[in-house]
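In what follows, a structure is listed as structure tokens, so that the remarks can point back to it.
The values are calculated or read from the model by the stated rules, or taken from the named source; none is laboratory data. From a predicted model like this one, the values you see are computed outputs, not experimental measurements.
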Amino acid sequence: MSAAAQNPPIESAGDSGASPASGADAWKALRGDEDLQFAPVEIPEIKPPEPSWFERMLAEVFGFLAEIFAPVGQVLGASWWWLQWVLLAALVVFVIVLLWRMFGPGAARRGTAAAEIEEEWHPETAASLALLEDADRLAAEGRYDEATRLLLQRSVGQIAAVRPDWVEPSSTARELAALPALPDGARTAFRIIAERVERSLFALRALDRADWEAARAAYADFALARLNVRGQLA
């Protein structure tokens, strides 16, 4: 085999059909196309809008608060590793105290004492006896209307002196008789006395001895209930 067969001829750059001159012409033609943008685009600077007076005020307030609480935040952040255990211990103590108050030995006694105060309220015995004495004096003179009204007025005063939150300036005797906080005996007495006072004032009907005795018995049964119980026990 000859050397020409072993080494085939190498094509030169000119045999590919392209020349440096034709590439430069194509580039010039591309740059000359007016539909293409080669120049850098200048974007105008847009100024941010001016903040309103409210936004400026908020910024000043937040800045002021940041200056105040920044040291506190730094202290808390630096001491959080032990502060978290202190807070956890305080929470545990609070839960223990709450459970002790709810279910401890004194919980039942406190509940019983509170219930007795609310349900077994009675006026003072001395004041009740003095009221009955004054009313009996009026009744002995035949002034049954005045005697019954005196029972009602003094009774309202006795309640207001002990529990002013139960009595308002606009409260009526009928409203007081319906108070859930009053014991049953007090509500019954108020209802009986109030009915007769209303009959005297609004129905223009004078009360008789039977009306007075019913009102007096209702008040005495309630106000002197503890005294009667003590007498029976003695």
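Of the residues 186, 206, 217, which single one is in a helix (DSSP H, G or I), at pLDDT 80 or above and hydrophobic (A, V, I, L, M, F, W, C)? Walk me through it before giving the result.
Working: 186 fails: at pLDDT 80 or above; 206 fails: in a helix (DSSP H, G or I).
Criteria check complete, one pass: 217.
Could you please let me know if residue 8 is in a loop (DSSP other than H, G, I, E, B) and at pLDDT 70 or above?
Values: in a loop (DSSP other than H, G, I, E, B): yes; at pLDDT 70 or above: no.
Considered against the rule, which asks whether it is in a loop (DSSP other than H, G, I, E, B) and at pLDDT 70 or above, residue 8 comes out as no.
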